[in-house]
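Taking it in order: structure first as structure tokens, then the write-up.
The values are calculated or read from the model by the stated rules, or taken from the named source; none is laboratory data. Because the structure is predicted, anything quoted here is derived from the model rather than measured. Positions of Cβ are generated from backbone atoms using ideal geometry, with glycine treated the same way; all protein chains shown enter the neighbour counts. In case anyone asks, the SASA skips ligands and DNA or RNA and just uses the protein heavy atoms, side chains included. Shrake-Rupley method; radii C 1.70, N 1.55, O 1.52, S 1.80 Å.
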Amino acid sequence: MDGAHITEQKRALRRRLREQRTRAYGGPEGTRRREVEGRALLRHAAAVRALVEAALAEHGTARVAAYHPTPTEADVMPLAAELAELGAQLVFPAAAGHELEWITWDGHSAFVPSPGKGFGHEPDGRRLGPGALSEAVLVLAPAVAVDRKGTRMGHGAGYYDRALPHRPASTPVVAVIHPAELLEPGILPREAHDVPIDAVLTAEGLHVISDHLALPRARRS
């Protein structure tokens, strides 16, 4: 399959998945569903918290990359706030040209609209530059969908595919999505630049895909 065909296939899949997300989580009923699922998502994050607690106990510090979700994305913010309360340093992506830049968040300050197109909101913290993931112990990543082989479909700009190689090889990437966005193996096309995901966190559980996460209570896909 040539590159142009894969690009068109991804574009059509992304459009369909976004439409499904809007139908399920748009409007007042969708907002209520998202809030309920957000609480469930937090309950399933015990193993993620344990990973951060272990890093804090061993090193005295733990940098965690998260993101500020759009109104229809799975709500990762309660988990981010909880990890900050544990003592982790939270960093969030910001527009910085071709690469993502990362900004610290103190766990309670308000987010502000980003000047970058399509970037939503960002914290008003300290900018650490594109290389900030080199000290991350965990990356909580957004996605339109992920399949059970660990292939992630992002929003199409390639920012995370360029950012994730900055992290240490041992640092897991956990995509946070809605339950229906975890797809069967091989549904999503994977190209050479696509960085595989180690686990998926949804309101139905933590699904471990790779061996980066040694989590005995997590559900293995």
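Numbers for the structure displayed
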read-out: The one condition in (1) under 26 Å from A157 (Cβ atoms); (2) open to solvent by less than 60 Å² (accessible area, probe 1.4 Å); (3) in contact with a Gly (Cβ under 9 Å, 6 or more places away or on another chain); (4) among the β-branched types (V, I, T) that T22 fails to fulfil; value: (2)
read-out: G120 vs. criteria surrounded by fewer than 20 Cβ atoms within 10 Å (Cβ to Cβ) and either in contact with a Gly (Cβ under 6 Å, 6 or more places away or on another chain) or farther than 30 Å from P28 by Cα (or both); value: no
read-out: Scan of region 51-76 for residues that are exposed (fewer than 15 other Cβ atoms within 10 Å of the Cβ) and charged (D, E, K, R), ordered by number; value: E58
read-out: Search result, residues across region 178-196 that are in a loop (DSSP other than H, G, I, E, B) and either modelled with pLDDT of 95 or more or among the acidic types (D, E) (or both); value: H178, E184, E191, D194
read-out: Of residues in region 91-103 being more than 15 Å from the chain's Cα centre (by Cα) and small (G, A, S), the one most open to solvent (accessible area, probe 1.4 Å); value: G97
read-out: Odd one out for H44 among (1) open to solvent by 80 Å² or more (accessible area, probe 1.4 Å); (2) within 19 Å of the chain's Cα centre (by Cα); (3) in contact (Cβ under 8 Å) with a residue 40 or more places away in the chain; value: (1)
read-out: Whichever residue in region 108-127 is in a loop (DSSP other than H, G, I, E, B) and hydrophobic (A, V, I, L, M, F, W, C) and, among such residues, is modelled with the lowest pLDDT; value: F119
read-out: So G131, is it open to solvent by less than 40 Å² (accessible area, probe 1.4 Å), farther than 18 Å from P196 by Cα and either under 15 Å from the mean Cα position of the chain (by Cα) or not basic (K, R) (or both); value: yes
read-out: The lone exception for D106 - which of (1) buried (at least 19 other Cβ atoms within 10 Å of the Cβ); (2) farther than 30 Å from R16 by Cβ; (3) free of Cβ contacts under 8 Å to residues at least 24 places away in the same chain it fails; value: (1)
read-out: Test: residue in region 153-161 that is under 17 Å from S210 (Cβ atoms), part of a loop (DSSP other than H, G, I, E, B) and without any contact (Cβ under 8 Å) to a residue 60 or more places away in the chain; value: no
read-out: Criterion (at pLDDT 95 or above and more than 18 Å from E204 (Cα to Cα)) met by exactly one of L17, L13; value: L17
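Condition check ((1) open to solvent by 10 Å² or more (accessible area, probe 1.4 Å); (2) touching a Leu at 6+ places or on another chain (Cβ under 8 Å); (3) among the charged types (D, E, K, R); (4) under 19 Å from V48 (Cβ atoms)) across all residues:
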{"residue": "P115", "(1), (2), (3), (4)": "yes, no, no, no"}
{"residue": "V139", "(1), (2), (3), (4)": "no, yes, no, yes"}
{"residue": "G150", "(1), (2), (3), (4)": "no, no, no, yes"}
{"residue": "L164", "(1), (2), (3), (4)": "no, yes, no, yes"}
{"residue": "R167", "(1), (2), (3), (4)": "yes, yes, yes, yes"}
{"residue": "A175", "(1), (2), (3), (4)": "no, yes, no, yes"}
{"residue": "H178", "(1), (2), (3), (4)": "no, no, no, yes"}
